[in-house]
């Protein structure tokens, strides 16, 4: 019997995370700040999921972090608050996943070594693929860090961070800066210690969805 689960054909690597995504997902909002930020993923049908990261000194309580979140979200989405009683928390790859028979789902992953809490909220339309996405996740760590977006793949030393990204119709420019080499007040536009990388975007039958930095 053929599986109805959408294939995960797109690799993503960003700051704390590496994973596989459905081929039709696009990044429609992103943050380059390593300490705290988020990414939004959408298709032509609308928002699919929201991934975020924030500092956290210790592992959170799943009931408070996930069940409490869904209890507030269900009424806001016009769903019965009683659904919160049907929320089940389970392990899924490195994540803890909370979901009810219907409505959105939320997953969290506490990375103890870096003291970062990753959170991922999935819209109901993603139910067939969300477990595969979560199980594909690994930490983006080590002396060489990866950045993979829109088919573009960069590997940089761990002391380099993204300073800026420029999107064009056919091209994408990543600006990386070695923080250890920067002097106070310097940035990627004022210092020669920056690595500039230029890539050509893959051919596509349709232009990418609008993107914004958040």
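The values are calculated or read from the model by the stated rules, or taken from the named source; none is laboratory data. Nothing here was measured: the structure is a model prediction, and the numbers come from that model. Neighbour counts run over all protein chains shown; Cβ positions are idealised from the backbone, glycine included.
For the reader, a short list of remarks on this structure follows.
- Residues (over 18 Å from residue 6 (Cα atoms) and either assigned to a helix (DSSP H, G or I) or touching a strand residue (DSSP E or B) at 6+ places or on another chain (Cβ under 9 Å) (or both)) located in the stretch 136-149: 138, 139, 140, 141, 143, 144, 145, 146, 147, 148, 149
- Taking the criterion of being surrounded by 11 or more Cβ atoms within 10 Å (Cβ to Cβ) and at pLDDT below 85, the residues of the stretch 1-21 that qualify are 5, 6, 7.
- Output for the stretch 51-95, where each listed residue is more than 19 Å from residue 38 (Cβ to Cβ), in contact with a helix residue (DSSP H, G or I) (Cβ under 7 Å, 6 or more places away or on another chain) and modelled with pLDDT of 90 or more: 92, 93
- Here the condition is being surrounded by 14 or more Cβ atoms within 10 Å (Cβ to Cβ), more than 18 Å from residue 33 (Cβ to Cβ) and either at pLDDT 55 or above or assigned by TED's automatic domain parsing to the domain that holds residue 95 (or both); of 126, 195, 191, it holds for 126 alone.
- Residue match in the stretch 119-126 (condition: touching a strand residue (DSSP E or B) at 6+ places or on another chain (Cβ under 9 Å), under 15 Å from residue 16 (Cβ atoms) and part of a strand (DSSP E or B)): yes
- Meets criteria (farther than 24 Å from residue 99 by Cα and touching a strand residue (DSSP E or B) at 6+ places or on another chain (Cβ under 7 Å)) for residue 133: no
- Pairs with Cβ under 8 Å, 6+ apart, first in the stretch 101-115 and assigned by TED's automatic domain parsing to the domain that holds residue 136, second modelled with pLDDT under 90 and part of a strand (DSSP E or B): 105/98; 105/99; 106/98; 106/99; 107/98
- Candidate set: the stretch 150-167, residues that are more than 14 Å from residue 16 (Cα to Cα) and not in a strand (DSSP E or B); chosen: the one nearest to the chain's Cα centre (by Cα): 150
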